[in-house]
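The values are calculated or read from the model by the stated rules, or taken from the named source; none is laboratory data. The structure presented is a predicted model; accordingly, all values stated were derived computationally and were not measured. All Cβ positions, glycine included, derive from the backbone under ideal geometry; neighbour counts span all protein chains shown.
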Amino acid sequence: MKIKPDLFYSTLFALLTTACSSDETVSTAGVSEVPEESNGLQVRVLSTMPWLVSGGDVLVEVNLVSGMSAAQLRVTVNKEEVTEEFIAVGSERMQALLTGLPLGESELKASLTGSGESNSLILTNYPITGPIISGPHETPFYCQANDFELVSGGTLGRINDSACSIETRVDYVYWSIREASFKPLTDQLRRLLLENEAIAGVPELIVAESGEQTENPAADIGKLVDYRGKTIPYIVRVETGTVNRAIYEIAMLHNPSEGDVDPWNRSINWNGKLVYTHGGGCRSGWYQQGNRTGGVMRQGLFEQGYAVMSSSLNVFGQNCNDLLASETHIMAKERFIETYGMPIYTIATGASGGSYQSHQTADNYPGVFDGIIVAASFPDVTSATIFTLADSRLLNYYFSQTNPELFSPEQQRAVAGYGSWASIPSLARSAARLDPTYRLDAPAEEQGGEVSIPELESQRYSFSNPNGVRTTVYDHTINVYGTVPDTFIAQRPLDNSGVQYGLAALNEGVIAPQQFIALNRGIGGFDRDMNHVSERHRADAEAGKRAIESGRILYGGAGLATTPVIDYRNYTDHAENGDIHMIVHQYSTRQRLLNANGHAKNHVMQVGGLWGFTEDQPDLAELFRQMDVWLIAIQTDESSNEYSEKVVNNKPASLVDACWDYSGEERIKYEQLQTFRGSSACNELYTAYPTPRHVAGAPLANNIVSCHLRELDPLDYSVTFSAEEYAELEQVFPEGVCDWSRGDASGARYQGTWVSFGPSPINRLY
C-alpha cells in the first residue's frame, strides 16, 4: 500500500462530506446504493455520487476505525484486487483513484483479513460523453472545438468522435509584465525558471553564448503574492478537455518546475478552494457544444489563490437548458476532484444566465456547490423571466399594432410595471427564446429564436420546413416537458388564462375602466409557434406539473435552503433602452426562500457596488472574502446544530444587505434590509418596479404557471364599473380571473433532489 503525506485531508474530507450530505432537506436519493453507517469499515465515493460515475474513473476512500490495521486491508473491484492503488492520507483513511471501470455496475468491496469485517458499494459508470441524468442526447449537436480559442493561442482543433471529444491537454501561461496579458510559457522560459529556482533570483540580463549580455526573457514573468504571503512566479496551469460533450477549462496557479499535480500532490500555490464560473445569454443557446466557457482566467480569483473552472455548456448563450447545465456541473466537478483532489469548498458564480444555473443546481443537486455569488440574477429559466418576456411581447403587440392610440406611453409603462417604457419592446425582443420561427420581415420585437451555428439555418423549423429544429427553451428541454401528443413539439408551461393585465394601474387611477376592459379583451395569447391569436394561451397541464416537480421552477426549499447566497447587482431598471435584468427578480428569489423555509437569512443582497478585485473596484473581492469566512466557519462548526442552523449562525456579522449612494463627493454605504417595498434609503435609490404579472396581482415570488380561476369580484377594483362595463368584463373573463392566493392550479409539488430523467434509474422522475 502506498503512503503519502496527509496534505490536510484529515480535516477536509470530514468537513466536505458533512457539507454535501447533512442538509435535512436533501432527498434520500440513492440510499439503497450507499452502505449504511457502521462502527466498522466504511467505503465511500469522493468525486461524485456512487450511481453517477462517469468516464470509468472514480476517487474513493476507505475509512478504518481505531484499532484496525491498514496492513489487513484488502480492496477489490468486481473481485479483482486493487489494494495497491490505495494511498494512506491519515492514520485511518486510505484513498485511491480507480480507473478503467466498465460501463454499468461494479462492486467495490473492502475487507480486513482475519477479522470478518467488510463493506461494499455499488458503483455505476456512464460514458464520459453522457448522458447520465438529462435524458437522451439532443440532436442535432454541432462540435465547435475548431472555434475554441486556447488561452495559450490557437484553437483546440480536431475532435476524436461524434460526441465532440478532444484529447485532454495542459497549457502553461504566465502574466507578461511588458504586455500586461497572459502569454504562453515556452520551453525556454521553463528552463530559465529551473536554472534560477526562485523568481526573486531571475536576473534582468543573461550572458549569451557569444558572451554578450542580453535581456532575460524570464524577467518578463510577473510576480504574485500568493495566499500564503509568498512571492511566486505568476504562472497558471490551464487544463482543457471534454465531458458531457462540453469543453471544460480548469485554471490554477502552478509552477511546472514543481512537478505535476494529482489528488495527493497539490499545487502549493492553490488555496484548495474552487470557483465555478458561468456565462449568460439564452437567445441562441441551441444544439451546440459552444466555443467558450464562462471564463477561467480570472486574475482577481488567482490572486486570492482559487482554482477556477467552467465549461461551454455552462454558458447559457450556448446551452439554455438548466438540466443539462446541472448534469455538466456534476460531471465536470467529478473530473476536477479526480485530477486535483477534494476542494475545501466550491463557489458558483455568474451573472444573468449564470445565476439561473447557480440557483438551480444548488437547489436541485445539493453539495455540488457550497455557496453561490450571483449578479443580475433571476430565480430560474422557466418562470419569472419567461412569464415577463411573454407578457411583454403581448403588451408590445397590443400597444403597437392592436390598439396603438388607446394608451399613452406613461399608461403603457404603468400597465407593464417597468421603471422604463423602453423595457416593453426590449423584453419583447428577448422573448425570441420562446419563438421557433425567424422571419426577416417581422419587426425586431417579433423575431424568433436565433442560431449561432450557420449549419442550423437550413434546418430551422418554419412553415416550409415543419420537421426542422425548434429553437425554443421548451424544445431545448424536451426531455423534461415531453411532447404534444402526435407531434415532436415540446409541451409548454406558459399560461395567461385569467390574468387581469393592468389591474394595479386601473386601481391607481392611471388607466380608465374602458381601457382596462379593452386591453384584456384584445391582449390575446400565443399559439405554439408564438403567433399572436385572439385566445389566451394555456399551459399544457403535464408541462406545468413537470416544471414544478422537477425544479425547473426554482423551489428554494431544497439544497438552496442551506446554501450561502450573495446576490449583487448594478441597477438597470431606469435604463434608457430598457433592460431585462430588473431588480424585482432577486426579490422573487428571496420570496421563494421565505415561502419554502420561513426565512431568507442565508440570502444577502447588495446593490450599486464597485464590482471588481482592484483598489478602484473593491467590492466583489470583498464578497469573495466574506463568502470564504462564511463557508469555513460553517465547516469548522462542531456544534450539534442542524446544518441549516450552522449556515445562519455562521454568516459574518459584517455581511449584510446593503446599497451605495453616489450622490455626494464620496460614496456612502447603507446597510439596510433590501425589500421590494419600503421607505428606506436603498428603496429610494434603487426603486424596485413590478412586472406585468405583478401589476395583474401575481405574488412577488412569480412562480405560478396556471392560476386557479374564480368569479369576478367587484371588491378587486377601487373603481366603480357601470352595469354595462361590468357585463363587458364578464364577457372578457367568462371562466373567471386569477385567484393568486391559491397557488398553482396543477397542485404539483417539488419532488426532491438528485432526480434523473435517464438513463440513470436512480430517482428517475418520469
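Can we say residue 557 is crowded, with 22+ Cβ neighbours inside 10 Å and either of a type in the set (Phe, Trp, Tyr) or at negative phi (or both)? Talk me through it step by step, then tell me what you get.
Numbers: crowded, with 22+ Cβ neighbours inside 10 Å: no; either of a type in the set (Phe, Trp, Tyr) or at negative phi (or both): yes.
For residue 557, the condition - crowded, with 22+ Cβ neighbours inside 10 Å and either of a type in the set (Phe, Trp, Tyr) or at negative phi (or both) - is not met.
Collect the residues in the range 640-696 that are farther than 30 Å from residue 506 by Cα, part of a helix (DSSP H, G or I) and of a type in the set (S, T, N, Q), keeping them in residue-number order. Explain how you work it out, then say what you get.
Of the range 640-696, the ones farther than 30 Å from residue 506 by Cα are 640-673.
Add one more test, that the residue is part of a helix (DSSP H, G or I), and what stays is 643-649.
If the condition is that a residue be farther than 30 Å from residue 506 by Cα, part of a helix (DSSP H, G or I) and of a type in the set (S, T, N, Q), then 644, 649 are the ones that fit.
Would you check which residues across the range 99-124 are outside any strand (DSSP E or B) and modelled with pLDDT of 95 or more and list them? Break it down into steps so the answer makes sense when it comes.
Residues of the range 99-124 outside any strand (DSSP E or B): 99-103, 113-117.
99, 100, 101, 102, 103, listed by residue number.
Restricting to the range 288-310, name every residue that is in a helix (DSSP H, G or I) and either surrounded by fewer than 23 Cβ atoms within 10 Å (Cβ to Cβ) or of a type in the set (A, V, I, L, M) (or both).
So in the range 288-310, the residues in a helix (DSSP H, G or I) come out as 299-303.
Across the range 288-310, the qualifying residues are 299, 300, 301, 303.
On the given criteria, is residue 635 touching a Pro at 6+ places or on another chain (Cβ under 6 Å) and surrounded by 15 or more Cβ atoms within 10 Å (Cβ to Cβ)?
On the way: touching a Pro at 6+ places or on another chain (Cβ under 6 Å): no; surrounded by 15 or more Cβ atoms within 10 Å (Cβ to Cβ): yes.
When the stated conditions are applied, residue 635 does not pass them.
Given 536, 546, which one is modelled with pLDDT of 95 or more, more than 17 Å from the chain's Cα centre (by Cα) and crowded, with 24+ Cβ neighbours inside 10 Å? So that I can check it myself, show each step before the final result.
On the way: 536 fails: crowded, with 24+ Cβ neighbours inside 10 Å.
Criteria check complete, one pass: 546.
Considering only the range 221-270, give the strands (runs of 3 or more DSSP E) lying wholly within it that have at least 2 residues that are among the charged types (D, E, K, R).
Values: elements: 223-225, 231-233, 235-243, 246-253.
Answer list for the range 221-270: 235-243.
Considering only residues of the range 718-766 that are aliphatic (A, V, I, L, M) and within 15 Å of residue 708 (Cα to Cα), which is surrounded by the fewest Cβ atoms within 10 Å (Cβ to Cβ)? Spell out how you get there, then give the answer.
Here is the first cut: in the range 718-766, the ones aliphatic (A, V, I, L, M) are 719, 723, 727, 729, 732, 737, 745, 748, 755, 762, 765.
Now restrict to residues that are within 15 Å of residue 708 (Cα to Cα): 737, 745, 748.
Values: 737: 24, 745: 21, 748: 19.
So, considering only residues that are aliphatic (A, V, I, L, M) and within 15 Å of residue 708 (Cα to Cα), the one surrounded by the fewest Cβ atoms within 10 Å (Cβ to Cβ) is 748.
Give the number of residues within the range 553-573 that are more than 22 Å from residue 631 (Cα to Cα) and out of contact with any Phe, Trp or Tyr (no Cβ under 9 Å at 6 or more places or on another chain).
As a first pass, look at the range 553-573 and keep what is more than 22 Å from residue 631 (Cα to Cα): 553-555, 570-573.
Cutting the leftovers down to out of contact with any Phe, Trp or Tyr (no Cβ under 9 Å at 6 or more places or on another chain) gives us 572.
Residues that pass the stated criteria total 1.
Might you check whether a residue that is hydrophobic (A, V, I, L, M, F, W, C), modelled with pLDDT under 85, surrounded by 18 or more Cβ atoms within 10 Å (Cβ to Cβ) and in contact with a helix residue (DSSP H, G or I) (Cβ under 9 Å, 6 or more places away or on another chain) occurs anywhere in the range 30-43?
Checking the range 30-43: at least one residue is hydrophobic (A, V, I, L, M, F, W, C), modelled with pLDDT under 85, surrounded by 18 or more Cβ atoms within 10 Å (Cβ to Cβ) and in contact with a helix residue (DSSP H, G or I) (Cβ under 9 Å, 6 or more places away or on another chain).
Give me the pairs, please: first residue somewhere in the range 628-652 and under 14 Å from residue 602 (Cα atoms), second residue anywhere and of a type in the set (Phe, Trp, Tyr), beta-carbon distance under 7 Å, and either six or more positions apart or on two chains.
Short answer, once both residue conditions are applied: 631/345; 650/630; 651/630; 652/630.
Taking the conditions exactly as written (in a loop (DSSP other than H, G, I, E, B), polar (S, T, N, Q) and over 22 Å from residue 386 (Cβ atoms)), does residue 741 satisfy them or not? Let's see the steps before the verdict.
Working: in a loop (DSSP other than H, G, I, E, B): no; polar (S, T, N, Q): yes; over 22 Å from residue 386 (Cβ atoms): yes.
When the stated conditions are applied, residue 741 does not pass them.
Here are 658, 696, 681: which of them is touching a helix residue (DSSP H, G or I) at 6+ places or on another chain (Cβ under 7 Å) and either free of Cβ contacts under 8 Å to residues at least 60 places away in the same chain or under 22 Å from residue 738 (Cα atoms) (or both)? Even if it seems obvious, please write down each step before you answer.
Working: 658 fails: touching a helix residue (DSSP H, G or I) at 6+ places or on another chain (Cβ under 7 Å); 681 fails: touching a helix residue (DSSP H, G or I) at 6+ places or on another chain (Cβ under 7 Å).
Exactly one of 658, 696, 681 is touching a helix residue (DSSP H, G or I) at 6+ places or on another chain (Cβ under 7 Å) and either free of Cβ contacts under 8 Å to residues at least 60 places away in the same chain or under 22 Å from residue 738 (Cα atoms) (or both), namely 696.
Scan the range 505-528 residue by residue and report those that are outside any helix (DSSP H, G or I), surrounded by fewer than 17 Cβ atoms within 10 Å (Cβ to Cβ) and not small (Gly, Ala, Ser).
Across the range 505-528, the qualifying residues are 508, 527.
Restrict the check to the range 630-638 and report whether at least one residue is under 21 Å from residue 571 (Cβ atoms) and assigned to a loop (DSSP other than H, G, I, E, B). Reasoning before the result, please.
Restricting attention to the range 630-638, the residues satisfying the condition of being under 21 Å from residue 571 (Cβ atoms) are none.
No, the range 630-638 has no match at all.
Which residue pairs have Cβ atoms closer than 6 Å, lie 6 or more positions apart in sequence or on different chains, and pair a first residue in the range 412-441 that is in contact (Cβ under 8 Å) with a residue 40 or more places away in the chain and more than 18 Å from residue 511 (Cβ to Cβ) with a second residue that is basic (Lys, Arg) and crowded, with 19+ Cβ neighbours inside 10 Å?
431/393; 432/283; 433/283; 436/470
Filter the range 416-455 down to residues that are assigned to a helix (DSSP H, G or I) and over 26 Å from the mean Cα position of the chain (by Cα) and give me whichever is surrounded by the fewest Cβ atoms within 10 Å (Cβ to Cβ). Give the derivation first.
Our first condition is that a residue be assigned to a helix (DSSP H, G or I); within the range 416-455, this holds for 416, 423-434, 444-446, 454-455.
Right, trim to over 26 Å from the mean Cα position of the chain (by Cα) and you get 416, 424-425, 444-446, 454-455.
On the way: 416: 27, 424: 25, 425: 20, 444: 10, 445: 20, 446: 22, 454: 8, 455: 11.
By that ranking, first place goes to 454.
Across the range 685-743, what is the total count of residues that are more than 17 Å from residue 417 (Cβ to Cβ), of a type in the set (A, V, I, L, M, F, W, C) and out of contact with any Pro (no Cβ under 9 Å at 6 or more places or on another chain)?
Number of matching residues: 10.
Tell me, yes or no, whether the range 259-279 has at least one residue that is polar (S, T, N, Q), in contact (Cβ under 8 Å) with a residue 40 or more places away in the chain, touching a helix residue (DSSP H, G or I) at 6+ places or on another chain (Cβ under 6 Å) and over 18 Å from residue 342 (Cβ atoms).
No.
Return yes or no: is residue 576 more than 22 Å from residue 275 (Cβ to Cβ), part of a loop (DSSP other than H, G, I, E, B) and of a type outside the set (A, V, I, L, M, F, W, C)? Before you say what the answer is, go through the steps one by one.
Numbers: more than 22 Å from residue 275 (Cβ to Cβ): yes; part of a loop (DSSP other than H, G, I, E, B): yes; of a type outside the set (A, V, I, L, M, F, W, C): yes.
In short, yes.
Would you point out which residue out of 606, 626 is under 26 Å from residue 298 (Cβ atoms), in contact with a Ser or Thr (Cβ under 9 Å, 6 or more places away or on another chain) and surrounded by 19 or more Cβ atoms within 10 Å (Cβ to Cβ)? Before the answer, list the steps.
On the way: 606 fails: in contact with a Ser or Thr (Cβ under 9 Å, 6 or more places away or on another chain).
Step by step, each of 606, 626 is checked, and only 626 is under 26 Å from residue 298 (Cβ atoms), in contact with a Ser or Thr (Cβ under 9 Å, 6 or more places away or on another chain) and surrounded by 19 or more Cβ atoms within 10 Å (Cβ to Cβ).
Go through the range 62-94 and count every residue that is under 14 Å from residue 107 (Cα atoms) and touching a helix residue (DSSP H, G or I) at 6+ places or on another chain (Cβ under 7 Å).
Of the residues in that region, 2 qualify.
Mind listing just one residue for me: the one in the range 457-473 that is of a type in the set (A, V, I, L, M, F, W, C) and modelled with pLDDT of 90 or more and, of those, surrounded by the most Cβ atoms within 10 Å (Cβ to Cβ)?
Going residue by residue through the range 457-473, those that are of a type in the set (A, V, I, L, M, F, W, C) are 463, 469, 473.
Still in the running and modelled with pLDDT of 90 or more: 469, 473.
Details: 469: 21, 473: 26.
My answer is 473.
In this structure, does residue 198 turn out to be of a type in the set (Gly, Ala, Ser) and either surrounded by fewer than 12 Cβ atoms within 10 Å (Cβ to Cβ) or modelled with pLDDT of 90 or more (or both)?
On the way: of a type in the set (Gly, Ala, Ser): yes; either surrounded by fewer than 12 Cβ atoms within 10 Å (Cβ to Cβ) or modelled with pLDDT of 90 or more (or both): yes.
It is true that residue 198 is of a type in the set (Gly, Ala, Ser) and either surrounded by fewer than 12 Cβ atoms within 10 Å (Cβ to Cβ) or modelled with pLDDT of 90 or more (or both).
Tally up the residues in the range 125-167 that are aromatic (Phe, Trp, Tyr), over 21 Å from residue 763 (Cα atoms) and not in a loop (DSSP other than H, G, I, E, B), please. So that I can check it myself, show each step before the final result.
The first filter runs over the range 125-167 and keeps only residues aromatic (Phe, Trp, Tyr), leaving 126, 141-142, 148.
Keeping just the survivors that are over 21 Å from residue 763 (Cα atoms) gives 141-142, 148.
Filter again for not in a loop (DSSP other than H, G, I, E, B), leaving 142.
The total comes to 1.
Checking residue 336 against (1) part of a helix (DSSP H, G or I); (2) within 28 Å of residue 383 (Cα to Cα); (3) among the hydrophobic types (A, V, I, L, M, F, W, C): exactly one of these is not met. Which one?
(2)
Looking at 250, 232 in this structure, which one is modelled with pLDDT under 95, aliphatic (A, V, I, L, M) and under 26 Å from residue 187 (Cα atoms)? Give the derivation first.
Numbers: 250 fails: modelled with pLDDT under 95.
Step by step, each of 250, 232 is checked, and only 232 is modelled with pLDDT under 95, aliphatic (A, V, I, L, M) and under 26 Å from residue 187 (Cα atoms).
Please go through the range 723-766 and give me each residue that is more than 18 Å from residue 498 (Cα to Cα) and without any contact (Cβ under 8 Å) to a residue 12 or more places away in the chain, ordered by number. Lay out the reasoning, then the answer.
Start the filter on the range 723-766 by keeping residues that are more than 18 Å from residue 498 (Cα to Cα), which leaves 723-724, 748-766.
The answer is 723, 724, 761, 764.
Taking into account only those residues within the range 658-677 that are more than 16 Å from residue 567 (Cβ to Cβ) and among the acidic types (Asp, Glu), which is modelled with the highest pLDDT? Walk me through how you get there before you give the answer.
The initial filter retains those residues of the range 658-677 that are more than 16 Å from residue 567 (Cβ to Cβ), namely 661-670, 677.
Those still in the list that are among the acidic types (Asp, Glu) too: 661, 665-666.
Values: 661: 97, 665: 93, 666: 94.
Top of the filtered list is 661.
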